[in-house]
1. Taking Arg198, is it part of a strand (DSSP E or B) and within 23 Å of the chain's Cα centre (by Cα)?
2. Give me a count of the residues in the stretch 243-296 that are at pLDDT 80 or above, of a type in the set (Gly, Ala, Ser) and exposed (fewer than 10 other Cβ atoms within 10 Å of the Cβ).
3. Would you point out the residue of the stretch 143-191, among those that are under 24 Å from the mean Cα position of the chain (by Cα) and of a type in the set (Ser, Thr, Tyr), that is surrounded by the most Cβ atoms within 10 Å (Cβ to Cβ)?
4. Quick one: Glu210 ticks every box in (1) more than 16 Å from Ala248 (Cα to Cα); (2) loosely packed, with under 14 Cβ neighbours inside 10 Å; (3) out of contact with any Phe, Trp or Tyr (no Cβ under 9 Å at 6 or more places or on another chain) bar one, so which box is it?
5. Identify, by number, the condition in (1) over 17 Å from Lys217 (Cβ atoms); (2) without any contact (Cβ under 8 Å) to a residue 12 or more places away in the chain that Cys160 doesn't meet.
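The values are calculated or read from the model by the stated rules, or taken from the named source; none is laboratory data. Note that the structure is a prediction, hence the values are computed from the model and not measured. Heads up, the Cβs are rebuilt from the backbone with ideal geometry, glycines too, and the neighbour counts pull from every protein chain shown.
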Amino acid sequence: MSGLDTALRAHLESGHTTLCHCWTVRRRDGVEMGFTDHDGPLEFDGIAFRADTGLSALALQQGTGLSVDNTEALGALSDAAIREADIEAGRYDRAEVRAWLVNWQDVSQRVLMFRARIGEMRRAGGAFEAELRGLTDALNQPEGRVYQKPCGAVLGDSACRVDLSTPDHSVEVAVVWVDERRVFGLGDLDGWASGWFRFGRLVVLDGAAEGLSGSIKHDRLEGGARTVGLWHPLRAAVAPGDRVRLVAGCDKRAETCRFKFNNFLNFQGFPDIPGDDWSLTDPSRERRLDGGSRRS
């Protein structure tokens, strides 16, 4: 086993070990929790590892090269640890997990065994099972640009470079009413044109759904009332009075990039590329077939 310090290696070679496993789960909202399969709590790196959560891990599969490491974690749902409501709300989706092998008599003797993100989670009978996917799983995702008329960037990313934090591109407002966690009636939004936030994002700033967000399907201004609908319902309840942030949306067209965001220099599409109909057109039957341009 590589990466061992001298003290831990000597402990392993002694033949009489006092070892356990410790895990941390760090959610994307910054919440971090520690767990251990030891019969008492441990602490290191400023993290308290609890022993009363019922969390355990199955066999860890690791390989050389670029093969994907994977394992699973099992545990009991607990209000004090991992709550079913948080799983249902998606707060553990893509959470980072780290696992150590630790000498519980001297926690300075430890080695990081595994680092992953949570994939699929299943719940049943008051318990959960989480699939853990190693870091090389990201290499399985398709990469590269696609030659197409619409822009291939995500609004606000490093390719687009639009600053969505400016007052021109986002606004905070209180929710007036909610329908099925998907349609929101909002307060006064004078100065924002109807449809400005279509294809953007709605981010919940407080309440039971704090930190959750959804993609905006429609943004309508009717009779002075603003209604925003999401493509999919949020996975936690939003109550009237909760505050949300609306972030401007982009339909990926060159005209939108130029006139709405004044960002055409960073447009990542190919607006002048010929369409399929043009590229598959049969040769002309009325002109000389000499290889000349069909546009003349």
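1. Criteria not met by Arg198.
2. 0
3. Ranking the qualifying residues of the stretch 143-191, first place goes to Ser170.
4. Condition not satisfied by Glu210: (2).
5. If we test Cys160 against (1) over 17 Å from Lys217 (Cβ atoms); (2) without any contact (Cβ under 8 Å) to a residue 12 or more places away in the chain, just (2) comes out false.
Matching residues to (1) among the acidic types (Asp, Glu); (2) touching a strand residue (DSSP E or B) at 6+ places or on another chain (Cβ under 9 Å):
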residue: Asp163; (1), (2): yes, no
residue: Thr166; (1), (2): no, no
residue: Ser170; (1), (2): no, yes
residue: Ser215; (1), (2): no, yes
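Condition check ((1) of a type outside the set (S, T, N, Q); (2) out of contact with any strand residue (DSSP E or B) (no Cβ under 6 Å at 6 or more places or on another chain); (3) assigned to a helix (DSSP H, G or I)) across all residues:
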position: Tyr92; (1), (2), (3): yes, no, no
position: Gln105; (1), (2), (3): no, yes, no
position: Ser108; (1), (2), (3): no, yes, no
position: Arg145; (1), (2), (3): yes, yes, no
position: Cys151; (1), (2), (3): yes, yes, no
